[in-house]
Amino acid sequence: MKGSNNRKKIVSLFLRVVILWLFLVVMQSSLFAQQAEDRFSAIEQKLTALANGDSPGLNEKVELSVNGVSIQEFIRGLAVQNNLNITVDPSLNISVVNNFTNLPVEDVLLFLCKNYNLDINFIGSIMSVIKYVPPVVEKIVSGPKKLKISYDENSDELSMDLSNDSLQAVAREITRLSKKNVIYSADIANKLVNGFIQETSFASALYNLALTNDLKATLTEDNFYLIEKKDVVGLDKTGKGAKNGKGRSAPSSGLKLKVDENGLLNIEAIAVPIAEVVDQVCSEFKANYFMFSELKGNITLNITGSGLEEFLKKIFNGTEYTFQKRDGIYLIGERSQEGLRTSKVLQFKYRTVDKVIDFIPADLKKGLELKPFPDLNSLIMSGSQPRMDELESFLRDIDRVVPVVMLELTVVDVTDTKTLATGISAGLGTAPAVTGGQVFPGPNVTLSSTSINNLISGLTGGLINLGSVTPNFYLNLQALESQGLIKIRSTPKLATLNGHEAKMTIGDTEYYLQTSTTLTGSVAATTQTAQSWLPVNADLEISVNPMVSADNQITLDVKFKQSTFTARIAPTAPPGTTTRNFQSLIRVKNNETILLGGLEENQVNDSGSGFPFLSRIPIIKWFFSSRTKTNTKARLSIFIKPTVMY
């Protein structure tokens, strides 16, 4: 009977142990799941903040399908495509097999973290993807933990080495050792605090301990140190805000400030919250202020001999905060808030507002709304005053007189033509020829049959009978040389603003006939013919873009193109064209003349006809052939003289 009872007790004890073990396993799994959910929620919040700020590419949607790609290459492709700053731990050995359709980059990164147990470290806008390492959970040791806190009464210095210690126990131990009352709000009694402070003044050690644990410490009027949450105003025993003897929160040890006899501020701060610095400085100057929003972040500075407004400009420079003074009260808060925005119309004196916004650097436009107002040649600006002052300084610097450049162009086109025509031609005409022609300065004479018979009769003297030619026979003697010089000179003047192109075009238009035939109908086809005259242009184009430097030297970008007509191959055919062009980039002094071009064209045409074989024998060929030789030279020159006028 006793053995049966013992077995029942053992089984009952075993079942209790198993139930307790299962309960602990379930509780631990639930705890791990909650921790993982909190971790992913924190990553998602940081990704959302970046997507709405410095990394808008996280909002871009992607279409990706990968199979067996390393996670380094996969994330690198995401970063390059969407302009993101992402690094990946090279030791990760993960192959990605996924298909993403119309999904934001933010969700893709969060999925990778959950699916492959990854974590993301954030440094500004830089994201570092690493393997998640769960924090080491220390085992809870039974019994009270001895706190590592010491206090030196002679030097009033406090030392602490805390690691997940209860604020309640820490405050009690500090009060016991220092005999100074340290109290805390009831809602943070069980908060765990951490910190290592070595031989630091009591007030500074307590303040920094609270600061590092997202708390704040203030000294009440009855010398109690009150520790509470940052967003709660401490209350003294009278129900008023907890203050020190000077009516403000106790300053941290890293802040030293003084207003000298000249009313100028000397201040030194090392990693002190901006809100505290502003509060202490305004209190020293006895200035009234109102904060639209909480000032976040710490600051380190060392300024001597500064007024209050000059100090506020310096401390808020490069931050999202600004200030304005209205009715003797300093209004402080974020630049985008309504009470701190202002608008202004900036009118330009020397240049036009057109395209000015395109020239403004992106950093200067950040946080401002800009719109051109052409009617008044002005720019409308809206935003915080410091950013507007910085932008206005830039715009005043570029609002200068734009030089006007006068361009005197001289275009000279010279054509030199020489033609030599010699030879004898004879034959039978349709009617009797008439003797006539030119003897001087160049012979070009036609002899009739009567004149030729008289010439033959005179040469033989009647001794030899050579016969006579028929009435329709003629003889032409030609020895002509002509020379022509054509000189075309054009002197246009152009004016343009510095950096803007001046262009001139002069052209001729000729027309040619185009005939088109249209066949309509299928059974009884009808033919319709249409004629139209189409134009062909031959232009002289000159464009010059001047750029004036500070020493009044001028860089000219010159483009020249000239087209001329040539002979038609048929009366109704379009004329041919020849084109000469060049482009040059040169530098010239003001009022100096330069020569460009010098395009020269040589054309030689040597043609003739004559009696076979005899027309190739020297000397004799002049009596048995007719020849024409033409030599043409054309030269184009352009002279440019720029003059800068203000």
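The values are calculated or read from the model by the stated rules, or taken from the named source; none is laboratory data. This is a predicted model, so every value here is computed, not measured. Cβ coordinates were reconstructed from backbone atoms using ideal geometry, including for glycine residues, and neighbour counts include every protein chain displayed. These area figures cover heavy atoms from the full protein model, side chains too; ligands, DNA and RNA do not enter into them. Shrake-Rupley method; radii C 1.70, N 1.55, O 1.52, S 1.80 Å.
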Lone unmet requirement of (1) over 30 Å from V259 (Cα atoms); (2) surrounded by fewer than 16 Cβ atoms within 10 Å (Cβ to Cβ); (3) not small (G, A, S) for E309: (1)
Scan of region 201-227 for residues that are buried (at least 19 other Cβ atoms within 10 Å of the Cβ), assigned to a strand (DSSP E or B) and more than 49 Å from the chain's Cα centre (by Cα), ordered by number: T218, L219, Y225, L226, I227
Region 119-134, residues that are touching a strand residue (DSSP E or B) at 6+ places or on another chain (Cβ under 6 Å) and in a strand (DSSP E or B): D119, I120, N121, I126, M127, S128, V129, I130
Restricting region 114-124 to residues that are surrounded by 12 or more Cβ atoms within 10 Å (Cβ to Cβ) and closer than 15 Å to L58 by Cα, the residue that is modelled with the highest pLDDT: I120
Leading residue by the ranking (nearest to L211 (Cα to Cα)) among those in region 275-294 that are outside any helix (DSSP H, G or I) and open to solvent by less than 40 Å² (accessible area, probe 1.4 Å): S293
Residues of region 58-109 that turn out to be open to solvent by 20 Å² or more (accessible area, probe 1.4 Å) and either touching a residue at least 24 places away in the same chain (Cβ under 8 Å) or out of contact with any strand residue (DSSP E or B) (no Cβ under 6 Å at 6 or more places or on another chain) (or both), as a count: 36
Residue match in region 589-601 (condition: surrounded by 15 or more Cβ atoms within 10 Å (Cβ to Cβ), at pLDDT 70 or above and basic (K, R)): no
Cross-chain or 6+ apart pairs with Cβ under 9 Å, region 349-371 first and more than 26 Å from D54 (Cβ to Cβ), then surrounded by 11 or more Cβ atoms within 10 Å (Cβ to Cβ) and of a type in the set (S, T, Y): V353/S378
Set D375, D389: member being farther than 30 Å from R580 by Cβ, exposed (fewer than 15 other Cβ atoms within 10 Å of the Cβ) and either under 24 Å from the mean Cα position of the chain (by Cα) or among the aliphatic types (A, V, I, L, M) (or both): D389
Residue match in region 133-151 (condition: more than 29 Å from D38 (Cα to Cα), modelled with pLDDT under 85 and touching a helix residue (DSSP H, G or I) at 6+ places or on another chain (Cβ under 7 Å)): yes
In region 335-360, the residues that are under 30 Å from N498 (Cβ atoms) and either open to solvent by 80 Å² or more (accessible area, probe 1.4 Å) or at pLDDT below 80 (or both): V345, Q347, K349, Y350, T352, D354, K355, D358, F359
Qualifying residue in region 294-312 (condition: at pLDDT below 85 and over 43 Å from the mean Cα position of the chain (by Cα)): no
Matching residues in region 152-172 - criterion: being in a helix (DSSP H, G or I) and open to solvent by 40 Å² or more (accessible area, probe 1.4 Å): Q168, R172
Boolean, I332 is open to solvent by less than 20 Å² (accessible area, probe 1.4 Å) and part of a strand (DSSP E or B): yes
